[in-house]
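Single-structure report; data block below.
Rule-based calculations on the coordinates, nothing more; no lab input. Please read all numbers here as calculations on a predicted model, not as lab measurements. Please note: Cβ atoms are built from the backbone with ideal geometry, for glycine as well, and neighbour counts cover all protein chains shown.
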């Protein structure tokens, strides 16, 4: 490969913050809000032109259950519920029965983006939109400056702490931290909003798309759909699958975006052919929906066994019940493993029911994520939040969903605030009991843990 030398330059330091959050998804936004509520000066850096990430820019408008597996006790609260209840009061979110593990909440993505603007503005968080993190400057296991690139050029921002909520661990990647990518990268999905499908059932659309005569390009796909609250004629559809895509590679990501839209064209054309010629493509996402890329090396890697056995970690900072969900790499298959020992394998429109373990007298009611899995090895003032946490393939298949990642964001924001207040040199030295109490004071629901 031919190389050139880039001339060195002096970078303007445009501001200094207690905390810089990289990534303005709900995970990153919630981290910023939690820290700002504790009085910290916070900056929030986002690549797109609005906040919300997968739930807004990528049009995935479903959040999973906030309850334990038996739908007896609510285990997730905080900013997720605060935001959803606000949308519900405006008629822009629907809450299903609490025992609906697949989709307790469905919301209008555009309305959520507007609410996030309001929340971030009310907390005096400094937003940097259309902004990429290109580098970091560090010394003694601490990041000191985050280097950004935006319409104004290349600039630096000073920070005391940083939270990498980029999904792809972008800051840590540029700092040279050791990262890993799963051998089996779950496929990406390009969503869309379509007009004219309001009366069509999920099952009917799936049969139409993948039944006899379906294009070969769609036979490895899996379909589901959701209404768009406030827009009665619209539906969000999720039927594309881009396999073998490493979205942390620039060339792969470009080709994946194009492939996802190509599949979407086939889907919309087939729906028009089989259901109605009046079906209209109303909106495309700002980017393909990415399930899996880089992961940090942390103080503890969360495992599939931890999740399925419901291990109660002393330093747990998040709960979940979403199943272990593994999308096959080269077929239409999906394997679901549940906390009660049951299993489903979806393949080519057929569902096979079974068990991944024998029946027991008592099953776990939820699983937990330890604070250690958000702490990158070798860094004293950086945390991660969201899907770049350290987890093996099975555990990640469960904890990657937004309702769980949001809690990681809130935990990271509160951890920074507590470290700042108590002048801790490293997150490893943080009083985790005090952190969990601070999270509960802010609306989280961490009851049921071993030390509570």
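Summary table
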read-out: Two-decimal Rg/Rh across the range 315-442, once Rg and the Kirkwood Rh are taken from alpha-carbon atoms; value: 1.07
read-out: Per-peptide average of other Cβ atoms within 10 Å, ordering 203-210, 316-323, 174-181 highest first; value: 316-323, 203-210, 174-181
read-out: Prolate/oblate/rounded label for the range 241-388 (Cα gyration tensor, a/c 1.5); value: oblate
read-out: Length-normalised contact order for the range 192-283 - Cα pairs under 8 Å, 6+ apart - percent; value: 40 percent
read-out: DSSP beta bridge pairing in the range 1-131, given as percent antiparallel to the nearest 5; value: 45 percent
read-out: Alpha carbon centroid spacing (whole Å) that separates the range 1-44 from the range 129-192; value: 9 Å
read-out: Anisotropy class of the range 1-96 from Cα gyration tensor, a/c 1.5 cut; value: prolate
read-out: Relative packing of peptides 74-85, 393-404 - highest average C-beta neighbours within 10 Å first; value: 393-404, 74-85
read-out: Antiparallel content of DSSP bridges confined to the chain, in %, to 5; value: 75 percent
read-out: Alpha-carbon centroid distance for the pair the range 304-352 / the range 223-278, whole angstrom; value: 24 Å
read-out: The chain: relative contact order in percent, alpha carbon pairs under 8 Å with at least 6 residues between; value: 20 percent
read-out: Listed values (1) 22.2; (2) 42.1; (3) 19.9, entry calculated as mean projected area of the Cα convex hull in nm²; value: (1)
